[in-house]
Each structure stands twice: as structure tokens, then as C-alpha cells.
Amino acid sequence: MKNLYFLVFAFVLISCQKNDDFKNVENINKPSISTPKDTSFGVETPMVFIKGGSYVPLYGKQGKPVTVTNFYMDVYPVTNENFAAFVKQNKRWQKSEIKRIFADENYLYSWKNNDGTCNTEENNHPVTNVSWYAANAYCECQGKRLATVDEWEYVAMANEKMPDARKEKIYNQYILDWYEKTKAYDNEVGKTFKNYYGVYDMHGLVWEWTSDFSSILLTGESRSDVTTDKNLFCGSGSLNASDLMNYAAFMRYAFRGSTKADYTIRNLGFRCVKDTLK
């Protein structure tokens, strides 16, 4: 698998035409929104600064905290307009050019045209039916990357007023209610709440790819991995959850663990992050 990721990374480079540890998240100061805006493909994508810290994830050893360092995150998920601008400059990621090793047959399924130009009424909707490989290429071509699971979960546990709202029943019920909705992806970005960090749509719009999406619940990328406990993927893993927070998180980890890098799913999109200068 490592060899495959190395080959993919090399492929992405070729395809681009241009290029204080915190013990408790409650102690984090609310960050400034004054951050870079990328216009690599002619479409502005604002980012927000995420101040790092420590948190205890759903998984892990004996409740030990995980440290997340400072980084920038896209304020919104990548839109159809963003991705259309990308494929115009990088034609091997267009519908007609994509190699099946990098995406299944549903790649960009909802797009009417090869480059997405006829989807003007959905320009500001999140792009979906995009494989991990395509999402990774998009981010890499901007000098960005996909968030790790820990980075994504760290930001996703914030509501409007606090960095860690996982024990708030109303907040968790909001997430669970979204899980029950159909076609939530068929909406514009930025219509859900703005969280503590200034990030929109972490919950309520689309699921999102992470760089290490298969690293937690599965020992291998494939669901057919015979050494894997089958109770660790899909919804069955949530049966042992003791509260709403665990149930919502189990669903996310299970979803990630049941995917492969070439999958393209109607309610699965992505956003990019960027490392801060050392």
C-alpha cells in the first residue's frame, strides 16, 4: 500500500501544470480569521487558522490525548466551481480522462459536461463523487493537503461558541439528525453554522475525505482484509457506544473505514488544509 501511495504522489506531481502543546482544548484562545486566500485556479478559497492543542479521540490507548499542531483549513468544502477550474487546467482528472485505478465509474457522476461548465446552478454546491486520489491531487496542486483524521475531528468537535462541544446534547443531536437526512449534499456551502474557528459545513452538508481515512478502524484499506474484525467497519461498531458523542463519532470512523481510495460517493466531498510556516 505504501508503494501505491508513493506512485500516486509521483503521479500527482506530474499531473499538475503549476505548480506550546495545550493539555485542554478549553484553554485555547479564539483565533483570528485573518488568513491566506488561495486563488490557484482562479477561484478564491478562504482559509482559517486553527490553533493546535490536545484532545482525546474516540479511539486510542487508555484515553491518552492526541496532539494536533497549528494549521490552516479551508473555510468551506471544495465546490463544483473550484473543482471545475482544477480539471480545466489538469485534464487527466476530467471525467473522460480519469484512469479507473484512480476513480470508479461514478466519478463526477452528477456533472453534465466533462469540465463541469454546465453546472452553473450548482457551482456553489460541494463537489462530490470525487475519489481520494482526485481530492488529494486537487490539494497537492495548491501546495495544500487533505486533513488527517485527528485534524478533522479536532475542528469538528467545535460548535459556534466552544472548541469542544462533544458533551453538548443539542450539538450531538444536530449531527445525528443530519445523518438521517437525504440529499443534504444538494445545498450550497456556507449554509450551516460557522463554528468556533470560523469553519462552515463540518456537519450538515457532506462527509469529507481525510488523508489517512483508513488508518483507524481497519488494518488494511480493503473491507475484504481477512485479518480485520468485521465489527470494526460499518454501523455495527456503534452498538457499544454509551452516549450520543460516541455514536456520532463511531458513524464517522465506520464510514471512513469502509471506503477505498478509488470510491466516489454522492455525499462524500473534501476540503484542504495547509501547514503553517515553521
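The values are calculated or read from the model by the stated rules, or taken from the named source; none is laboratory data. Note that the structure is a prediction, hence the values are computed from the model and not measured. Backbone-built Cβ (ideal geometry, glycine too); neighbour counts: all protein chains shown. Please note that ligands, DNA and RNA were not included when accessible areas were found on the heavy atoms of the full protein model with its side chains. Shrake-Rupley method; radii C 1.70, N 1.55, O 1.52, S 1.80 Å.
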Next item on the list: Could you tell me whether the range 60-72 includes any residue that is at pLDDT below 85, open to solvent by less than 70 Å² (accessible area, probe 1.4 Å) and under 30 Å from Ala248 (Cα atoms)?
Entry: yes
Notebook entry, point to check: Taking the range 141-168 only, how many residues are modelled with pLDDT of 95 or more and more than 28 Å from Asn246 (Cα to Cα)?
Noted result: 1
Check: Of Ser96, Ser110, which residue is over 29 Å from Val48 (Cα atoms), among the small types (Gly, Ala, Ser) and open to solvent by less than 60 Å² (accessible area, probe 1.4 Å)?
Finding: Ser110
Check: When residues of the range 74-114 are filtered for being under 27 Å from Lys194 (Cα atoms) and touching a helix residue (DSSP H, G or I) at 6+ places or on another chain (Cβ under 6 Å), how many remain?
Finding: 2
Next item on the list: Could you tell me whether Val56 is within 18 Å of the chain's Cα centre (by Cα) and either surrounded by fewer than 23 Cβ atoms within 10 Å (Cβ to Cβ) or at pLDDT 95 or above (or both)?
Entry: no
Next item on the list: Say whether the condition of being in contact with a Pro (Cβ under 8 Å, 6 or more places away or on another chain) and either crowded, with 21+ Cβ neighbours inside 10 Å or more than 20 Å from Glu81 (Cβ to Cβ) (or both) is met by at least one residue in the range 152-171.
Entry: yes
